[in-house]
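> First the structure, then my questions, so here it is.
The values are calculated or read from the model by the stated rules, or taken from the named source; none is laboratory data. Because the structure is a prediction, the values reported are computed rather than measured. Here the Cβ is made from the backbone with ideal geometry for all residues, glycine too, and neighbour counts use every protein chain on show. Quick note on the areas: whole protein, heavy atoms, side chains included, nothing else; ligands and nucleic acids left out. Shrake-Rupley method; radii C 1.70, N 1.55, O 1.52, S 1.80 Å.
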Amino acid sequence: AKTQQRAGHFYFSRSMGVEIRERVRMMHALRTGFSQNQLFVVYQPQVDLSTRKPMGAEALLRWQTPDGKFVSPDRFIPIAEYSGLIIDLGEWVMRTSMQELVALRAAGHTGFTMSINVSQVQFRHPHFMETLRNALHDTGAPPEYVELEITESMAMEEPDMLIKMLAQIKQTGVTIAIDDFGTGFSSLSYLQRLQIDRLKIDRAFVTEITNSARGSSIAEMVVQLGRNLGLAVIAEGVEDERQAQILQNLGCPLGQGFLFARPMTGEALLGWLSDDALA
Ligand code: C2E
Ligand code: CA
Ligand code: CA
Ligand code: CA
């Protein structure tokens, strides 16, 4: 038994070693990749569910390594957070997508909003507000058309700090969405204390809508919650017409997902928007 234990332990630490080495390797590759412009931002449109009119877009990071392969943000964002690179990377995403918003406005799309994901590491950084204000100032992006997405899990930690931060963000005119909503356990009374503007129904609950008889109950609950709190609601991950129909019937005003458009480069977005105007 002793030998087996030791063997088990050896195996465990070796696989840990591989994992850590892989993480360190990716950390270096990401740092190099960022400085060599391997990262770029794509934009996924958000539409009015009843008219299908584009209302805004979410900025999403992409990393294409020199061998042509894409690394998923679900893999490299945690590494960027762990290494601290997310501070520079997040600021760059903020500035890039604000510049894109300004370019869209110059092309006549003045009602369009830009949603930017913010990591909890960025959010907790002492210079976050300064970074946000400088980005708004330098790019000339109108704050009321900029939205920051923070996840529901982030919203659950350190309520007092969060409430203070949200009040400061609110002062700039920038709006706030709670992303992946429905996956945490925020209570109504807690949500009421937060200065937020929008709830974003997590994709998992949108997928569920067409999966079972009671599949739409969580989506329905979030729409109701939004109505009671006077918040806008958007559904993410809308992939088919039936989901869009059911969401619309539930009273969800906005949607985002492959059914409407995939994330695309800024240039492609401009084209997509002008096609729409002609239609
Ligand atoms: P998220 O914020 O929940 O973003 C939505 C994800 O769903 C995106 O994945 C998007 O491409 C994908 N998606 C959109 N519509 C559909 C659909 O109809 N079906 C399916 N199956 N998927 C859909 P992506 O781009 O791979 O990003 C994954 C996650 O990485 C994001 O989840 C977000 O948490 C994080 N992320 C991406 N960009 C950034 C960033 O700039 N900063 C930070 N902090 N996190 C980011
Ligand atoms: Ca998001
Ligand atoms: Ca989300
Ligand atoms: Ca998600």
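> If you count the DSSP beta bridges with both ends in the chain, what percent of them are antiparallel, to the nearest 5?
Beta bridges within the chain, antiparallel portion: roughly 40 percent.
> Related question: If you line up the long axis of helix 73-83 against the longest principal axis of the chain, both from Cα atoms, how many degrees apart are they, to the nearest 10?
Around 60 degrees separate the two axes.
> In addition: Compute the angle between helix 159-172 and the longest alpha-carbon principal axis of the chain, please, reported from 0 to 90 degrees and rounded to the nearest 10.
For helix 159-172, the angle is close to 50 degrees.
> What percentage of all Cα-Cα pairs in region 97-199 are separated by more than 22 Å?
Summing the P(r) of region 97-199 above 22 Å gives 30 percent of all pairs.
> Using only the alpha-carbon atoms, what does the chain span along each of its principal axes? Please give whole angstrom values in decreasing order.
68, 47, 40
> In degrees from 0 to 90, rounded to the nearest 10, what is the angle of the helix 217-229 Cα long axis to the longest principal axis of the chain?
Helix 217-229 sits roughly 60 degrees off the main axis of the chain.
> Another question, then. Mind listing the long-range amide H neighbours of MET264? Cut-off is under 5 Å, sequence gap 5 or more, other chains count too, H placed in the peptide plane at 1.01 Å from N.
TYR43, GLN44
> Using the Cα atoms of region 96-147, I'd like the radius of gyration and the largest Cα-Cα distance, Dmax, both in angstrom.
Computed over the Cα atoms of region 96-147, radius of gyration and Dmax are 11.7, 36 Å.
> Hey, what's the chain come to in accessible area per residue, 1.4 Å probe, Å²?
So the chain comes to 52 Å² accessible per residue, rounded to a whole number.
> Using the alpha carbon gyration tensor of region 45-106, what are the three equivalent-ellipsoid semi-axes (square root of 5 times each eigenvalue), largest first, in whole Å?
27, 15, 12
> If a/c stays under 1.5 just call it rounded; otherwise compare a/b with b/c (prolate if a/b is bigger, oblate if not). Do that for region 127-279, with a ≥ b ≥ c from the square roots of the Cα gyration tensor eigenvalues.
Cα axes put region 127-279 in the oblate bin.
> In square nanometres, what is one fourth of the surface area of the convex hull spanned by the alpha carbons of region 185-263?
5.3
> Which FRET efficiency, nearest 0.05, do ILE163 and ALA107 yield, Cβ-Cβ r, R0 35 Å?
0.40
> Another question, then. Identify all aspartates and glutamates with a Cα-Cα distance to LYS53 below 20 Å; exclude those on the same chain that are fewer than 8 residues away in sequence.
Once the sequence-local aspartates and glutamates are set aside, what remains near LYS53 is GLU100, GLU144, GLU147, GLU236, GLU239, ASP240, GLU241, GLU267, ASP275, ASP276.
> If you take every DSSP beta bridge fully contained in region 10-163, what fraction is antiparallel? Give it as a percent rounded to 5.
DSSP beta bridges in region 10-163 are roughly 60 percent antiparallel.
> In sequence order, what are the phi-derived ³J(HN,Hα) couplings for region 184-194 according to the Karplus relation 6.51 cos²θ - 1.76 cosθ + 1.60 with θ = phi - 60°, rounded to whole Hz, with x for glycine and proline?
x, 10, 4, 8, 4, 5, 5, 4, 5, 7, 8
> Going through region 123-204, which GluC sites (Glu not before Pro) have at most 14 other Cβ atoms within 10 Å and a DSSP loop state?
Passing sites in region 123-204 are GLU157.
> Let me ask something else about it. What's the carbon and sulfur percent of region 111-243's accessible surface, probe 1.4 angstrom, rounded to a whole number?
After summing per-atom areas, the C and S share lands at 49 percent.
> Using only the heavy atoms of the protein chains and a 1.4 Å probe, how would ARG62, ARG198 rank by accessible area, largest first?
ARG62, ARG198
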